[in-house]
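Have a look at the structure below before the remarks.
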Amino acid sequence: MYDVDTGSYPRTLNDLVAQPSDVKGWKGPYFDPPQIPVDPWGHQYVYVFPGRKNTTGYDLYSMGPDGQDGTQDDIGNWMTSADQ
């Protein structure tokens, strides 16, 4: 909805809970309650815009149970069911 409302993807996940001063059309917060959720293991999600894997969009991923970035248990929005 952020993209629909503002015409672009957020620069950070915080943009989904607090309106950036230079963004017009913001109709958030986009989470209820207005806080950024954590993954099932209690770690912060990683958001990269522009994406490294999704170069025309964004990367959003969990570092998985080990909480380490770049390891085999990472789960990202660029993965298919064959990757898991």
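The values are calculated or read from the model by the stated rules, or taken from the named source; none is laboratory data. Since we're looking at a predicted model, the values are computed, not measured. A quick note on method: Cβ atoms are made from the backbone with ideal geometry, for glycine too, and the neighbour counts reach across all protein chains shown. Note: areas computed on protein heavy atoms with side chains; ligands, DNA, RNA excluded. Shrake-Rupley method; radii C 1.70, N 1.55, O 1.52, S 1.80 Å.
How much net charge surrounds residue 23 when only the other residues with a Cβ under 13 Å from the Cβ of residue 23 are counted, with Lys and Arg +1 and Asp and Glu -1?
Details: positive: 11, 24, 27; negative: 3, 5, 15, 22.
Result for the neighbourhood of residue 23: -1.
When the helix-only estimate is applied to the chain (DSSP H runs of n ≥ 4, each -39,500 (n - 2.57), divided by the residue count), what is the mean residue ellipticity at 222 nm, nearest 500 deg cm²/dmol?
On the way: 1 runs with 5 residues, N = 84.
That comes out to -1000 deg cm²/dmol.
Can you tally the net charge around residue 57? Count Lys and Arg as +1, Asp and Glu as -1, for every other residue whose Cβ sits under 14 Å from the Cβ of residue 57. Local charge sum for residue 57: +1.
Using unit Cβ charges (K, R positive; D, E negative) and no other charged atoms, how large, in debye to the nearest 20, is the dipole of the chain about its Cα centre? Present the calculation step by step, with values, prior to reporting the outcome.
On the way: 5 positive and 12 negative charges, 67 e Å.
It works out to roughly 320 debye.
Annotation: per residue accessible area for the chain equals 68 Å², rounded to a whole number [probe 1.4 Å, protein chains only].
Ignoring the sites themselves, what is the longest stretch of the chain with no chymotrypsin sites (Phe, Trp or Tyr not before Pro) in a DSSP loop and at most 12 other beta-carbon atoms within 10 Å? Could you put the intermediate results ahead of the total?
Numbers: sites that count: 31, 41.
Here the longest segment lacking exposed loop sites spans 42-84.
Once Rg and the Kirkwood radius are both taken over the C-alpha atoms of the chain, their ratio Rg/Rh works out to 1.00. Solvent-accessible area of the chain (1.4 angstrom probe, protein heavy atoms only): carbon and sulfur portion equals 51 percent.
Taking every pair of distinct Cα atoms and averaging 1/r, then inverting, what Kirkwood hydrodynamic radius in Å comes out for segment 13-52? Don't skip to the end; give the middle numbers.
On the way: mean 1/r = 0.0869 Å⁻¹.
After inverting the mean inverse Cα-Cα distance, the result is 11.5 Å.
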